[in-house]
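Have a look at the structure below, then the notes.
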Amino acid sequence: MASKPTFSQEISNLMYASHGNPTKTCIQCGTCAGTCPVVEFMDETPRRLIGMINANLKEQVLAANTYWFCASCYHCTVRCPAKIDIADVMYTLKRYSIWNKTYSEDWVGPTFSETFVKTIVRSGRSYEPILAPTYMFNMGAKDFVQEAFTATKMMLKGRIPVLPPRIKRLHNFREMIRRIIPIGDAS
Amino acid sequence: MKKYAFFPGCSLEKMAFSYNQSSVETTKKFDIELQELDDWNCCGATTYFYVDQLLAYTLVARNLAIAEKEGLDFVAPCSACYKNAYFANAYIKEDPDLKEHINYALEQDDLQFEGNLKVHHIINIFANEIGAEEIKSKVTNPLEGLRVAPYYGCQIVRPRKNGEEIENPQFFEEIISAMGAEPVDFADRLRCCGGSLIMTSRPAALDMVRILLKNAIDSGADMIATACPLCQVNLECYQTQVNEEFGTDYSMPVLYFTQILGLALGIPRKRLGIGKELVSAAPIFSQLMSKEAK
């Protein structure tokens, strides 16, 4: 019977195009955790998360909010003495969790990203008002009001687009995307 | 006159239109024309890469291919657009397999990308192509006494592009000095503003913004200069929310470096989009003028 790859092998495979070293070269020094500006808000520090990947703790890794809280600032990546592209590890986990639908319903990141990509596929350009509902309805009442207030102030300064922008050669653009990923006609 | 293909990116259409205006106006003073890329598409920010890598590179490559067709080098004012364009360009050049996949898709829009162009951030145009000396020579209104916090943020410097200094860069400070203003010692200048976490993980992002604002104020800055639309929005438009959340009373103007530079070059405020801020810089500018009058 064919054997299955371990979780850490799956992650290394997904990172075949990464320009850093594989996670197994991690020396657990903690430079990433010490550098990360979001670490306080993460369930597990980047150092621990990489240790957990290497120990094949798949469920615990995917259940941690760490990778969806990564802001991709690349500070860990440029400082890692083992030259692991840690931000790219976080990207990889994001993709893994979207493809396998393993993410927690409490996280806004996955829905936001999918809506963003759908918007681009549909029109070629980003449009803030379509993205807002993906995160605003996840907010408490107070935050919602604050956010609506900020948006209103920006609108009054002419900083929010009224109509969704769209590229000219949209048909070609969508045919181009179809050669990369399957997209329906309706989207 | 030197011409570049200018990729404004989605934010610069409305939210950061003042960055678009001020980039065009300031480069003009140095005989540089920023020609907007025809029919450009969104670069994907960070989000395409969360979903599919090949799709992400293809969408970036379409913009690069349009610029290449025009025979022009590529300039992006947004740090995320710049990072995406820079690495897509580099990776396609070094990976024939990736190039083949992408060109197969680009064919559908009558485009091919060979990798014969350079990708710049607008701040690199000022720092490297024009240079501080040349900037200085064109300054008609030196901003003497103005203390500016140079906010690099992340993706202009990280990941490292080509062996350049990333832990202690100085090019932003040099540009500010060339304007006649004083760059303050801003310790957190390379720290992340939270980026898209402002939408997906708000408490984390607001705290990150708070730390930056506090550090800029502690360093004695009159204003923060940015080179990225997302940094600008996070630091400026979310100040009220930071104040409500943390009981602070920050009121720190955050302008694009091109807007501040434009003033030093004698370009009227309106043509630099000054006046669209939520935290007005007007009191600081009038203070500056009255100092000059004395």
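Net charge near B:ASP188: determine it from the other residues with C-beta under 15 Å of the C-beta of B:ASP188, scoring Lys and Arg +1 and Asp and Glu -1. In short, 0. Per-atom-type breakdown for the range B:171-294 gives carbon and sulfur 52% of the accessible area (1.4 Å probe, protein chains only).
The listed peptides A:121-133, B:225-237, ordered by packing as a protection proxy, come out as B:225-237, A:121-133 (highest mean of other Cβ atoms within 10 Å first). With semi-axes defined as the square roots of five times the eigenvalues of the C-alpha gyration tensor, the equivalent ellipsoid of the range A:137-187 measures 35, 17, 7 Å, largest first. For chain A, the solvent-accessible area works out to 50 Å² per residue, with a probe of 1.4 Å and every protein chain left in place. Considering all different alpha carbon pairs of the range B:160-236, the Kirkwood hydrodynamic radius works out to 13.6 Å. The rule of thumb for compact globular proteins, 2.2 N^0.38 Å, goes into the C-alpha radius of gyration of chain B 1.00 times.
Just how far, in whole angstrom, is the range B:191-249 from the range A:53-76 if you go by their alpha carbon centroids? Here the answer is 25 Å between Cα centres. Between the listed residues B:PRO77, B:LEU59, B:LEU106, the Cα displaced farthest toward the positive end of the dipole of the range B:55-119, a dipole computed from Cβ unit charges relative to the Cα centre, is found at B:PRO77.
Summary value for chain A: 17 percent relative contact order, contacts being C-alpha pairs under 8 angstrom separated by 6+ residues.
For the range A:1-50, a reduction of at least 40 Å² in accessible area between the chain on its own and the assembled protein chains (probe 1.4 Å) is found at A:HIS19, A:PRO37, A:PHE41. The peptide list B:72-79, B:255-262, B:145-152, put in order of mean Cβ contacts within 10 Å with the highest first, becomes B:255-262, B:72-79, B:145-152. The residues of the range B:88-198 have, on average, 43 Å² of accessible surface per residue, using a 1.4 Å probe with all protein chains present.
With a Cα cut-off of under 24 Å and a minimum spacing of 8 residues unless on different chains, the lysine pairs in chain A number 16. The alpha-carbon positions of the range A:68-166 define a convex hull whose volume is 142 Å³ per residue.
Working value for the protein assembly as shown: equivalent-ellipsoid semi-axes of 35, 27, 22 Å, each the square root of 5 times a Cα gyration tensor eigenvalue, largest first. Interface area, chains B and A: about 6100 Å² of buried accessible surface, summed, with a 1.4 Å probe and ligands, DNA and RNA left out.
Given R₀ = 56 Å, what would the calculated FRET efficiency be for B:ILE284 paired with A:ILE27, taking r from the Cβ atoms and rounding to 0.05? Computed FRET efficiency for B:ILE284 and A:ILE27 comes out at 0.70. The share of Cα pairs per 5 Å bin across the range A:1-58, counted from zero up to the longest distance, runs 4, 18, 23, 21, 20, 8, 3, 2, 1, 0 percent. For the Cα trace of the range B:1-146, dividing Rg by the Kirkwood Rh returns an Rg/Rh value of 1.02. The mean sequence distance of close C-alpha pairs (under 8 Å, at least 6 residues apart), as a share of the length of the range B:1-109, puts its relative contact order at 31 percent. Ordered from longest to shortest, the equivalent ellipsoid semi-axes for chain A are 33, 23, 16 Å, each the square root of 5 times a Cα gyration tensor eigenvalue. Dividing the summed helix terms, -39500 (n - 2.57) for each DSSP H run of n ≥ 4, by the number of residues in the protein assembly as shown produces a 222 nm estimate of -14000 deg cm²/dmol to the nearest 500. For the range A:1-104, the spherically averaged projection of the C-alpha convex hull amounts to 6.5 nm².
The values are calculated or read from the model by the stated rules, or taken from the named source; none is laboratory data. All values reported here derive from a predicted model rather than from experimental measurement. No Cβ is skipped: glycine too gets one built from the backbone with ideal geometry, and neighbour counts run over all protein chains shown. Note: accessible area is taken over every heavy atom of the protein model, side chains too, but ligands, DNA and RNA are not part of it. Shrake-Rupley method; radii C 1.70, N 1.55, O 1.52, S 1.80 Å.
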